[in-house]
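One structure below.
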Amino acid sequence: MGTKEKIIELTRQYYTEQLQSSEFTPGETYVNYAGRVFDDDELTNLIESSLDFWLTAGRYAAQFESEFSEFMGTRSCMLTNSGSSANLLALSALTSDKLGPRQVKPGDEIITVAASFPTTVAPIYQNQLVPVYCDIDLGTCNINIEELENAVSSKTKGIFLAHTLGNPFNIDAVMRIKEKHDLWLIEDNCDALGSKWDGKMTGTFGDMGTESFYPAHHITMGEGGAVITDNPQLKKIVRSFRDWGKDCWCDSGMDNTCGKRFEWQLGDLPYGYDHKFIFSHIGYNLKVTDMQAAVGVAQLKKLPGFVRSRRDNFAFLHEFFEQYSGHFILPQWQDKAEPSWFGFFLTVKEEAPFSKNQIVAFLEESKIATRTLFAGNVLRQPAFADKEYRAVSELRNTDYVVENGFWIGVYPGIDKQRMQYIVTAFEEFLTRF
Ligand SMILES: Cc1ncc(COP(=O)(O)O)c(C=O)c1O
């Protein structure tokens with residue numbers, strides 16, 4: 001056996017000895033809302049990539065991008081170092097002058113919701129654009145379509161929305177408004193990997209979709225994300241913003257992919273200036289390392305099973321909670337939606353005999369993790385308070401969710417035993433009333 005084979009074998013042994021255990025003691029073991037689910041395949045891929053010592057994006061990144069594009073049914077996938085970076089890249093791409101009359105310029109408006117993860121809306125501010133906030137519907141926690149229709153002004157250039165907690169927003173309605181007003185659409189698919197609308201993957205309807213591979217998400221690389229698109233021009237622009245702003249599209253370690261590396265003349269540079277060092281955008285470096293991608297390659301194989309577990313866990317909880325629909329607004333979804341759920345969201349009704357804070361405190365004491373709907377209403381967050389924006393309404397449902405909403409996990413790490421523990425704990429609390 002060669003040295004590498006020995007290392008791989010020992011790695012598998014290490015996994016079994018040190019990492020495999022998942023013993024559960026009710027009331028003692030924390031039932032998290034999300035987390036990494038992996039086995040020795042992720043670990044051996046990680047070790048193999050470290051032994052390659054390529055470090056920056058390489059063979060695993062290329063493999064992941066190709067396999068992920070195939071899984072999603074999209075033409076291209078560009079890996080990046082986080083979902084937040086993917087959001088930043090997707091929106092920044094729209095500010096490229098290569099888009100001619102469709103270029104998004106400072107002061108233009110982007111429609112979104114305030115019930116968001118902060119880095120879905122942060123790129124709007126970071127690009128000197130103006131967010132236009134619409135309210136959400138209770139039950140789906142997705143954009144209210146009537147408000148979306150009313151939000152469009154002569155300055156509106158795009159729509160940037162997440163499929164909240166894996167639940168697809170009304171894609172037919174959003175696409176109709178996008179097309180009617182010739183707007184860009186970016187789908188933040190970070191919480192919705194594997195969700196479908198009318199049989200097609202969410203994230204592939206808009207001009208671009210974004211993904212996150214942070215450990216809480218459907219699959220993980222530790223840190224990681226991606227932008228997906230079918231549009232070759234956007235692909236090139238996203239890559240440029242991701243890779244320092246360069247005009248050249250060679251992969252790391254490659255030269256002269258265009259076949260005329262020393263035959264370009266751009267800007268005021270002399271003819272023949274090395275294309276590798278011509279910059280067409282004010283860019284970033286948001287690339288992924290090959291070790292992250294290596295973990296992702298192993299995770300991707302498990303994704304269909306993960307999606308099934310999430311749906312099963314969600315269905316189990318939904319069935320359980322039907323008896324308590326007097327106390328909670330239960331999750332709702334559109335007829336064409338097949339969500340790959342990120343979590344199970346509960347909104348405590350006004351008439352319930354307990355508050356959200358009471359039930360959340362009980363669950364956390366019972367070692368069951370809860371989460372809010374991310375930033376809740378970003379406008380109530382210190383970072384966003386004094387920034388320019390437009391709101392279509394008072395965002396009443398958004399505020400209702402801030403005060404009364406929370407969610408628990410459905411991730412594949414919650415097995416039958418843990419699921420049973422969760423519903424028993426809820427029963428204990430709810431039978432008090
Ligand atoms: C909807 C949504 N978008 C974007 C992100 C940011 O992803 P990341 O943590 O990979 O930066 C998250 C975070 O988890 C998210 O929930």
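The values are calculated or read from the model by the stated rules, or taken from the named source; none is laboratory data. Since the structure is predicted, the reported quantities are computational estimates derived from the model, not experimental observations. In this analysis, Cβ positions are derived from the backbone assuming ideal geometry, glycine residues included, and neighbour counts consider all displayed protein chains.
Looking at ASP251, ASP182, ASP191, ASP172, which one is touching a His at 6+ places or on another chain (Cβ under 7 Å) and not hydrophobic (A, V, I, L, M, F, W, C)?
Among ASP251, ASP182, ASP191, ASP172, only ASP191 is touching a His at 6+ places or on another chain (Cβ under 7 Å) and not hydrophobic (A, V, I, L, M, F, W, C).
Matching residues to (1) part of a loop (DSSP other than H, G, I, E, B); (2) assigned by TED's automatic domain parsing to the domain that holds LEU89; (3) within 16 Å of the ligand (Cβ to nearest atom):
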position	(1), (2), (3)
SER116	yes, yes, yes
THR120	no, yes, yes
VAL132	no, yes, no
THR140	yes, yes, yes
PHE160	no, yes, yes
LYS178	no, yes, no
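Checking GLU17 against (1) under 23 Å from VAL297 (Cα atoms); (2) part of a helix (DSSP H, G or I), which single condition isn't satisfied?
Checking GLU17 against (1) under 23 Å from VAL297 (Cα atoms); (2) part of a helix (DSSP H, G or I), the one that fails is (1).
Scan the stretch 260-281 and give yes if some residue there is under 27 Å from the mean Cα position of the chain (by Cα) and buried (at least 16 other Cβ atoms within 10 Å of the Cβ), otherwise no. Outline the logic, then answer.
Initially, the stretch 260-281 is screened for residues under 27 Å from the mean Cα position of the chain (by Cα), giving 281.
Narrowing further to those that are buried (at least 16 other Cβ atoms within 10 Å of the Cβ): 281.
The answer is yes, given that some residue of the stretch 260-281 is under 27 Å from the mean Cα position of the chain (by Cα) and buried (at least 16 other Cβ atoms within 10 Å of the Cβ).
Do the conditions hold for GLY166, that is, is it more than 23 Å from ALA383 (Cα to Cα) and surrounded by 22 or more Cβ atoms within 10 Å (Cβ to Cβ)?
Numbers: more than 23 Å from ALA383 (Cα to Cα): yes; surrounded by 22 or more Cβ atoms within 10 Å (Cβ to Cβ): yes.
Taking the combined requirement at face value, the residue satisfies it.
If I go through the stretch 272-302 residue by residue, how many of them are in a loop (DSSP other than H, G, I, E, B) and touching a helix residue (DSSP H, G or I) at 6+ places or on another chain (Cβ under 7 Å)? Don't jump to the end; show me each part of the working.
Going through the stretch 272-302, the residues in a loop (DSSP other than H, G, I, E, B) turn out to be 272-274, 278, 280-284, 286-288.
So of that shortlist, the ones also touching a helix residue (DSSP H, G or I) at 6+ places or on another chain (Cβ under 7 Å) come out as 280-281, 283-284, 286-288.
Residues that pass the stated criteria total 7.
Would you check which residues across the stretch 330-346 are farther than 18 Å from ASN32 by Cβ, in contact with a His (Cβ under 9 Å, 6 or more places away or on another chain) and in a loop (DSSP other than H, G, I, E, B) and list them? Full working, then the answer.
Step one: filter the stretch 330-346 for residues farther than 18 Å from ASN32 by Cβ, giving 330-340.
The next check asks that each one be in contact with a His (Cβ under 9 Å, 6 or more places away or on another chain); those that pass are 330-331, 337, 339-340.
Scanning the stretch 330-346 gives LEU330, PRO331, PRO339, SER340.
Taking the stretch 196-239 as the search range and keeping residues that are buried (at least 24 other Cβ atoms within 10 Å of the Cβ) and of a type in the set (Gly, Ala, Ser), which one is farthest from the ligand (Cβ to nearest atom)?
Checked the stretch 196-239; the qualifying residue farthest from the ligand (Cβ to nearest atom) is GLY206.
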